[in-house]
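Below: one structure, written as structure tokens.
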Amino acid sequence: MRDPIFTKASSTPDATSLLKSLAFQMGFDLAGIAPASKADGFHHLTSWLEKGFQGQMDYISKRAPAYQHPESLLNNVRSILMVGYNYKHQIDEESKSGKGRIAKYAHGKDYHEVLWEKLDLLLQEFQKTFPDCKGRGVVDTAPLLERDFARRAGLGWIGKNTMLINKKAGSFMVLGALLLDMELEPDQPFDFDHCGTCTACLRACPTEAFMGPKVLDATKCISYLTIEVKTEIPLELRGKINDWIFGCDICQDVCPWNKKSIPASDWNLWRNPDLESIDLVELLEMDKATFKARFKETPLWRRKRKGILRNACIALGNTGGQEHLKALEKARLEDEPLIKESASWAIEQIKRRLGL
Ligand code: SF4
Ligand code: SF4
């Protein structure tokens, strides 16, 4: 394992140093402590929700009050260890007809599982020295404003693309939190914003999903459309999705901080060549059992076969040719209305392009 980016942990056997040192031993690239006080970005969340930018992600509005303070997640919480796990890896980014693209974070194992396991282990190790300490690991699915707490823990700033950016690690990083009922020495919050006059991410977004710096209308974002939307994807946005079938990396790929950031330390964890450029016809031809066998252990399983095949049809509608019509005609005969509808749409798009 290479040296951690932050090396604040010292040999002093105090709780804060021990916790950070354990975090780096677990392979996390960044680790910092934030006090478990009221979330300072809560008012941004409420105003974002009022505008309806969460779309079908009702779970955010339903539990909105819980985001206000981390005590909703752990009784008597005092401190939060925020960790970052870098997943940057280089892949062939070029779009190819008949192939679908997947966001980099989803090229390997499901990061939720990986981080939960590491945080659980971290807590167990910490409790060997501090057995009375109670804790809870959180990765994305609980009501915690993780990027805000990561900024407060000194890990980086929130960029105009709404991602947490670290000067060395960039933003291709998943975040995790370990909430503890123990007072720890907090890090200095990261108060500087290194985006400066850059607007590359805002300009590069194909669906114009940014309403301004740091304000994302998720209902237009390809990540939301391909992963969160369970129904038909709005017609006016389908063409802009291009060949993405699970997530989108564009507003991170163009960020200058990611051009010079260091690559992932645990390459094998984040790379499954099978998931880097998927053959869309092969995908359409997978029955339920084959789909499950191939993707059960991957992030794509979250959207299940009908969602991924819907996305595959749309990607083929945007990039496919005559050679893909047969597979789409077959998909149009599926029982699942979502697949039928998107296959019909794709056939129309290809035929119109080819003048058939
Ligand atoms: S992930 Fe893609 S669609 Fe979403 S905001 Fe970024 S560039 Fe736009
Ligand atoms: S692309 Fe530019 S504006 Fe966007 S997050 Fe990166 S540095 Fe900030």
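3J(HN,Hα) along the range 244-261, derived from phi through the Karplus expression 6.51 cos²θ - 1.76 cosθ + 1.60 where θ = phi - 60°, amounts to 6, 10, 7, x, 6, 10, 3, 6, 9, 4, 7, 6, x, 5, 7, 5, 9, 6 Hz, with x in place of Gly and Pro.
Rounded, prolate or oblate: pick one for the range 97-215, where a ≥ b ≥ c are the square roots of the eigenvalues of its C-alpha gyration tensor, a/c under 1.5 means rounded, and failing that, prolate if a/b is larger than b/c, else oblate. Working shown, then result.
On the way: a/c = 2.85, a/b = 1.52, b/c = 1.87.
Oblate shape, in that a/c is at least 1.5 and b/c is the bigger or equal ratio.
Taking amide H as placed 1.01 Å from N in the peptide plane, S79 has its amide H under 5 Å from the amide H of A36, L180, M182, each at least 5 places away in sequence or on another chain.
Projecting the Cα atoms of F53, F149, A169 onto the charge dipole of the chain, computed from C-beta unit charges around the Cα centre, puts F53 farthest toward the positive end.
Tell me, R353, R151 in order of fewest to most beta-carbon neighbours within 10 Å?
Listed from fewest to most nearby Cβ atoms, that is R353, R151.
Evaluated with a Cβ-only charge set (Lys, Arg +1; Asp, Glu -1), the range 200-354 carries a dipole of roughly 200 debye about its Cα centre, given to the nearest 20. Think of the range 240-356 as a dipole: +1 on every Lys or Arg Cβ, -1 on every Asp or Glu Cβ, centred on the Cα centre; then among W244, N268, P337, P337 lies furthest on the positive end.
Can you tell me what percent of all Cα-Cα pairs in the range 200-354 are more than 24 Å apart? Write out the running numbers ahead of the final one.
Details: 4541 of 11935 pairs.
Looking at the range 200-354, the distances longer than 24 Å represent 38 percent of pairs.
Multiplying the residue separation of S72 and E323 by 0.36 nm and subtracting their alpha-carbon distance yields 85.0 nm. Remark: F42, F190 ranked as F42, F190, counting other beta-carbon atoms within 10 Å and listing the fewest first. Over 24 Å between Cα atoms, which of K38/K88; K109/K167; K109/K340; K51/K220; K62/K288; K118/K230 qualify? Flagged as over cut-off: K38/K88; K109/K167; K109/K340; K62/K288; K118/K230. Phi angles across the range 209-221 convert, under the Karplus curve 6.51 cos²θ - 1.76 cosθ + 1.60 with θ = phi - 60°, into 3J(HN,Hα) values of 7, 8, 7, x, x, 6, 10, 10, 7, 4, 5, 9, 7 Hz, Gly and Pro given as x. Here the range 288-302 is scanned for amide nitrogen atoms under 18 Å from the site 7 Å beyond the Cα of D335 along Cα-to-Cβ, giving 288-292. Counting only the Cα atoms, the chain fills a convex hull of 138 Å³ per residue. Computed about its Cα centre, the charge dipole of the chain is approximately 600 debye, with only Lys, Arg, Asp and Glu carrying charge at their Cβ.
What full-extension length gain, to one decimal in nm, is calculated for K230 and Y59 as 0.36 nm per residue of separation minus the Cα-Cα distance? Show your work: numbers first, answer last.
Numbers: separation 171, 0.36 × 171 = 61.56 nm, distance 1.37 nm.
Stretched fully, the K230-Y59 segment lengthens by 60.2 nm.
Going by neighbour counts of Cβ atoms within 10 Å, the residues C251, C313 line up, fewest first, as C251, C313. Inter-label distance, S37 to Q127: 2.9 nm, where each label sits 7 Å from its Cα along the C-beta direction. Rounded to the nearest 500, the 222 nm mean residue ellipticity of the chain from helices alone is -9500 deg cm²/dmol, with -39,500 (n - 2.57) taken per DSSP H run of at least 4 residues.
With just the Cα atoms defining each centre, how far is the range 278-356 from the range 40-86? Give it in Å. Computed from Cα coordinates, the inter-centre distance equals 35 Å. Please list the helices of the chain that count as membrane-span-like by this rule: a mean Kyte-Doolittle hydropathy of at least -0.5 together with Cα atoms stretching 27 Å or more along the helix axis, each helix being a complete DSSP H run. Those that pass (Cα extent of 27 Å or more, hydropathy at least -0.5) are 111-129.
Laboratory data are not the source of any read-out in this text; all were calculated from the coordinates shown. Just so it is clear, the structure is predicted and the values come from calculations on it, not from any experiment. Neighbour counts are summed over all protein chains in view; Cβ atoms, including those assigned to glycine, are modelled from backbone coordinates with ideal geometry.
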